[in-house]
Amino acid sequence: HREERDSPLRGRDGEGEFEMLSGGGLLAFSDARPFHGAYADAIPVVHKKKRVVVLGTGWAGTSFLKNLKDPSYEVQVVSPRNYFAFTPLLPSVTCGTVEARSIVEPVRNIVKKKGLDVRFREAECLQIDAVNKKVYCRSSPDNNLGGEQNFTVDYDYLVIAMGARSNTFNTPGVEENCHFLKEVEDAQKIRRTVIDCFEKATLPSISEEERKKILHFVIVGGGPTGVEFAAELHDFVTEDLAKLYPTAKDDVKITLLEAADHILNMFDKRITAFAEEKFQRDGIDLKTGSMVVKVTDSEISTKERATGENRSIPYGMVVWSTGIGTRPVVMDFMKQIGQGNRRALATDEWLRVEGCDNIYALGDCATINQRRVMEDIMAIFSKADKNQSGTLTVADFKDVIKDICERYPQVEIYLKRNQLKNFVNLLKNYQGNAQKEIIDIELFKEALSEVDAQMKNLPATAQVAAQQGAYLANCFNRMERCETYPEGPLRFRGSGRHRFHPFRYKHLGQFAPLGGEQTAAQLPGDWVSIGHSTQWLWYSVYASKLVSWRTRMLVISDWGRRFIFGRDSSRI
Ligand code: FAD
């Protein structure tokens, strides 16, 4: 039988299963344990709900929780923050275009769904024990009430969605002296520091040289976040602060440092060119080919790639935004399961962590293992070569490629970027004969290693994380049905070795806000749109993607307030 949540015969205290490690004593017990009361001997527990533990309440974890519909799970969510944050609007929070509380939604609001058994613990996962299926946790370090609480949570299924941390590439002084832009608290801190810099710069005791240094804002990293922050800051300074601090406005300088040759590398070249030109027009000092080697409390040292020259730049504030790295707890787990040499948890296309039972990983902390994908692709090719001649015609080859694209989103992304035609030419070149209409499979293997090197992992974006969360929840929703019919859903029977369709990423396009009410967008089909009208598209897409009506209303009213009254420059 399926257990009823509120059965009077089952013992529970409404807070679910966990054991105290410090403080002593059993606080609560699971459905698996018999009730220590009058009915305990009479009613043995026959079945228990499957325990799902979700680590993290970011894009991946929240999307999983929002899409989970099957009430037959007992879900525990562990995360050090009790809210979901809409990260695409974090740069807007740094300058007060949008208020921090407008982009967050309490997790308990999100999971408060009829019929589902979901509990939230504000704590961080310290360690995962895959052998004993346990997660070791500690109450959130941000909780000011004191008295650290440690506890363990048992699971049948574990969903790891802990995201990533900012990557400093071990550059000396970055951790101590730079701001990051990853969490809501980071954005609030940046906002306060920007105002601090202006207030300090206008004190009568400050010399002109000092004022210039204090008002020098440096952004490291020309990816979408760094670029958007630079643009936001420029707008904040020119539209609002320049009026309030007239004596300081001429000394403000914004510098954007990028180690590669261009900013916004992952975007179409037209967008990159437009952004670079716009920044030049706006007076944002864009330094490409400039690698930061050290940061002290007053200077940032760079090495110019082209000349090898070392430079020291005095600054007032640095924002570091150069990409993401692995969280220590995830790294420890990866070492435990033999993945210590990787940068993110390797999963298969069903998001199952390689080498682990019933553990799934999604979002920024995970990556689908390419190597296995490549082996699978080779197997598909060998199968297509029916008479084992070691060759395929170009026409057959294209059919197989189409098939593969359906199964493997990474290949599809690669081919979309580089055109199937170029790919076929690449293969022909390998054979030394561009006219040949036959593909040699052995040579294809060699070419594949070239493709492998160029093929990018799925990008670490909210879009990927949210789609993975929704995909996994749908698998969980159908899990029971699939266990009842182990041969798999009808369309996979016979040939299918898996119960579910592999995860497929659907790219919906990406935006790059460039300030001055202008945005660039790269939409599916490599359709590029830049300018003021795209800014309105950005407003509508982001308003529609916000997680609740409450946040939607708040963000829209923040935008309206900014249009009418400008941004608030109080330092609170
Ligand atoms: P996160 O959203 O980072 O969530 C991780 C969760 O794990 C958090 O709840 C965290 O508290 C929790 N956690 C951390 N440590 C532990 C622990 N030890 N135990 C338990 N829980 C833990 N993507 C886009 O697609 N479009 C954009 O416009 C965009 N803009 C961005 C702007 C900024 C400023 C930033 C920082 C990112 C942006 N991204 C954007 C990227 C996007 O936010 C990430 O790809 C996305 O958040 C990844 O989702 P996730 O669930 O994997 O991780």
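Read the figures in this text as sums done on the coordinates, not as results from a lab. The structure presented is a predicted model; accordingly, all values stated were derived computationally and were not measured. Quick reminder, even Gly has a Cβ in these numbers, built from the backbone with ideal geometry, and neighbours come from all protein chains shown.
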Rh by Kirkwood over Cα pairs, then Stokes-Einstein D for the stretch 335-402 at 0.890 mPa s and 25 °C, µm²/s | 175
If the chain between residue 398 and residue 148 were fully extended at 0.36 nm per residue, the gain over the current Cα-Cα distance would be 84.1 nm
Going by the alpha-carbon gyration tensor, a ≥ b ≥ c the square roots of its eigenvalues, is the stretch 54-175 rounded (a/c under 1.5) or, if a/c is not under 1.5, prolate (a/b greater than b/c) versus oblate?
-> oblate
Given 0.36 nm per residue, what is the gain on full extension from residue 127 to residue 478 after removing their alpha carbon distance, in nm?
-> 123.4 nm
If each of residue 529 and residue 506 carries a label point 7 Å out from its Cα toward its Cβ, how far apart are those two points in nm?
-> 1.8
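Pairs to check: 66/278; 50/112; 213/243. Give those whose C-alpha atoms are more than 31 Å from each other in this structure.
66/278
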Largest-first principal axis extents, alpha carbons of the stretch 210-318, Å | 37, 32, 19
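So what is the orientation-averaged projected area of the stretch 117-259, using the convex hull of its C-alpha atoms, in nm²? Provide the component values of the computation, followed by the final result.
Numbers: hull surface 54.6 nm².
For the Cα atoms of the stretch 117-259, the hull's average projected area reads 13.6 nm².
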Could you work out how far apart the two model spin labels at residue 557 and residue 311 are, taking each label as a point 7 Å from the Cα in the direction of the beta carbon, and quote it in nm?
-> 4.5
Over the Cα atoms of the stretch 295-382, how large are the radius of gyration and the largest Cα-Cα distance (Dmax), in Å?
-> 20.0, 61
Spacing of the two label points (7 Å from each Cα toward its C-beta) at residue 343 and residue 206, in nm = 3.8
Going by the alpha-carbon gyration tensor, a ≥ b ≥ c the square roots of its eigenvalues, is the stretch 203-251 rounded (a/c under 1.5) or, if a/c is not under 1.5, prolate (a/b greater than b/c) versus oblate?
-> oblate
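Please sort 362-368, 321-327, 238-244 by packing, taking for each peptide the average over its residues of neighbouring beta carbons within 10 angstrom, highest first.
Averaged packing, sorted descending, gives the order 362-368, 321-327, 238-244.
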Could you compute the FRET efficiency for residue 48 and residue 176, with r as their C-beta to C-beta distance and R0 at 56 Å, rounded to 0.05?
-> 0.70
Relative packing of 463-476, 551-564, which averages over residues the other C-beta atoms within 10 Å, highest first = 463-476, 551-564
Full extension from residue 277 to residue 387: what is 0.36 nm times the residue separation minus their Cα-Cα distance, to one decimal in nm?
-> 33.9 nm
